[in-house]
Amino acid sequence: MSVYEHVASQPDGLRRLAAGRLRYAALKALHAALEESGMTQTDVAAKLGIRKSAVNQVFRGDGNVRMNTFAEYLHELGFEAHIELVPLGTARSETRELAQQSRRKSTLADA
C-alpha cells in the first residue's frame, strides 16, 4: 500500500490529501510568481507595506493564508491565479493528466 493509499483510507484522509495538494499548488504558484517577477521577498514586503518576516512566513507556508492575502501577493508580483476542479480523491498523477487535458482543450479553443 502506498503512502497516498494509506492516508486516503483514513476517515479524514481524502480531505487532508485535498488540503495538502491545494496548499502545495498555491505555494508552488507563489514561488513561481516570485521567480518570474525577478523580485525578492524584501521587494514584496515593501510593496505590501508589511514586514519581510511576514512575507517569508507566507512563502514558507506557515499558517493559513487568506485568499485575499494570496491574491494580493500574486498581484504585486504581476500575476493572478486560476483554480481547476478535479473529482474528490483524484491522485496526483491523475490530477496532472486532467490538468494537461484541460490545457490542451484551452489551447485548441484559443486557436
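Loop-only GluC sites (Glu not before Pro) in the range 1-98, please: DSSP not H, G, I, E or B, and at most 14 other Cβ atoms within 10 Å.
Glu80, Glu84
Which FRET efficiency, nearest 0.05, do Gln57 and Ile83 yield, Cβ-Cβ r, R0 30 Å?
The calculated FRET efficiency here is 0.85.
Each value in this text was obtained by applying a stated rule to the coordinates, not by laboratory testing. Computed from a prediction, not measured in an experiment: that's the story for all the values here. For neighbour counting, all protein chains shown are included, and Cβ atoms are generated from backbone atoms with ideal geometry for every residue, glycine included.
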